Amino acid sequence: TSKTHGASVNKGLYDYDRGEDRIFIRYKCCQINTIQDVLRQRPGWVEVKDDEEWDFNWCDVGWLRENFDHSYMEEHVRINHFRNHYELTRKNLMVKNLNRYRKTIEREVGHMEVSKCDFFPYTFALPSEYHLFVEEFKRSPGSTWIMKPVAKSQGKGIFLFRKLKDIMDWKKNGTHSEDQKEGAPVESYVAQRYIENPYLINGRKFDLRVYVLVTSYVPLKAWLYRDGFARFSNTRFSLNSIDDKYMHLTNVAVQKTAPDYDPEKGCKWQMQQLRRYLTAKHGREKVETLFEEMDNIFVRSLQSVQKVIINDKHSFELYGYDILLDQNLKPWLIEVNASPSHTPSCQEDYEMKCRLLEDTLNVVDMEGRLNGWEKRVGGYDLMWNDGPVFKEDLNLETFGSTCFTVNTHLGKIPSTTCHFQQNKHLQPLSFIKLYGFYW
């Protein structure tokens, strides 16, 4: 049976209180973390029960899988996932789509352009690509590989290996079928070439969490958040001990179980702090190039699934990108998360995630306050709108196409002025409080 959402509201989108003419937006949220706090504090938003109609739903992917196809949604209704989001967020499907995109670029544009797609490590879906994997494995004896379940997160089920015997043991144990109940494809693990030369700070490995908000795939419209963070391992890096998960996995869910983990100190740097550190060490030009290459990863990964994602005007998606830097300051795409954790690891983390989620709701704009021409909303910058979006201070007629600077500001210190552009109802972006974690 299908359920209609948003059908009984008056005047299109909102319910109105007769006395005060006040706007109400009915929301549903199944997650108990920062997003629940943000929704409850949002003026005019009212939480509804499971069996009641809603205008906005922040759901998990399990609810989506069970209910999306059976729900009829009115024009104004919004939900926080695209129907087949897993085309980008399941590890094996992401690589499949990136490989197909790469072949298309090579066929249609040529070898020069395809080099811009060289941002993800060799990856094979197991067990279906086992023989292809073995061929590649034998070309580089002694190298390190990493095994990951395709549909799990927070470091669960991951292990490193250097011998085929380890894979044979894995196949015998039959662990490759454990995700079938979640509707995962046949290939339930990926074997990925491990980045053996990660960039280290104070001897520790880290990766980056970056937030990208997609409000449409046709045409593609994507926003890049200025804040993000680096997640550090709790142990100094070495390839001599590949079994130490605290050394090789930077997930907070893993690190906080370490015996010497200090929740007050934490394992994070905010993106501004990392960008300052890298600039001081390598110079502005190299760091600008690094962040431009990261922009390239975001756009091309989204383009790789643009034709397979089922675009729906009711859907938006807040992706959590995991990026790893190597010693040459080359960024590598490790994975993309459809439900990035909003559970804070400390007070500063909580404040940053509150701003992120508040700004996400401002971009989705249930209240109808934006004019549609904004290039910045809070901490979000519009980076792609059916083509690259450029910074306002450029004279586009003067510069050649190679001189355009895209409208991205990841890790840059924000200004104190309001950049909502002709929108006086939204809060101005305040200075971001930096993490101060040192070892």
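Looking at region 213-240, which of its residues are open to solvent by 10 Å² or more (accessible area, probe 1.4 Å) and modelled with pLDDT under 95?
Within region 213-240, Arg231, Asn234, Thr235, Arg236, Phe237, Ser238, Leu239, Asn240 meet the criteria.
If a residue has to be at pLDDT 95 or above and either in contact with an Asp or Glu (Cβ under 6 Å, 6 or more places away or on another chain) or of a type in the set (S, T, N, Q) (or both) to count, how many in region 358-387 make the cut?
Adding up the residues that qualify gives 6.
What pairs come up if the first residue lies in region 122-147 and is within 17 Å of Ile334 (Cα to Cα), the second is open to solvent by 70 Å² or more (accessible area, probe 1.4 Å) and part of a strand (DSSP E or B), and their beta carbons are under 9 Å apart, counting only those six or more places apart or on different chains?
Partner pairs satisfying both residue conditions: none exist.
Could you list, in sequence order, all residues of region 340-360 that are part of a helix (DSSP H, G or I) and hydroxyl-bearing (Ser, Thr, Tyr)?
Of everything in region 340-360, those that are part of a helix (DSSP H, G or I) and hydroxyl-bearing (Ser, Thr, Tyr) turn out to be Tyr350, Thr360.
The values are calculated or read from the model by the stated rules, or taken from the named source; none is laboratory data. In this text, all values refer to a predicted model and were calculated from it rather than measured experimentally. No Cβ is skipped: glycine too gets one built from the backbone with ideal geometry, and neighbour counts run over all protein chains shown. SASA here: full protein model, heavy atoms, side chains in, ligands and nucleic acids out. Shrake-Rupley method; radii C 1.70, N 1.55, O 1.52, S 1.80 Å.
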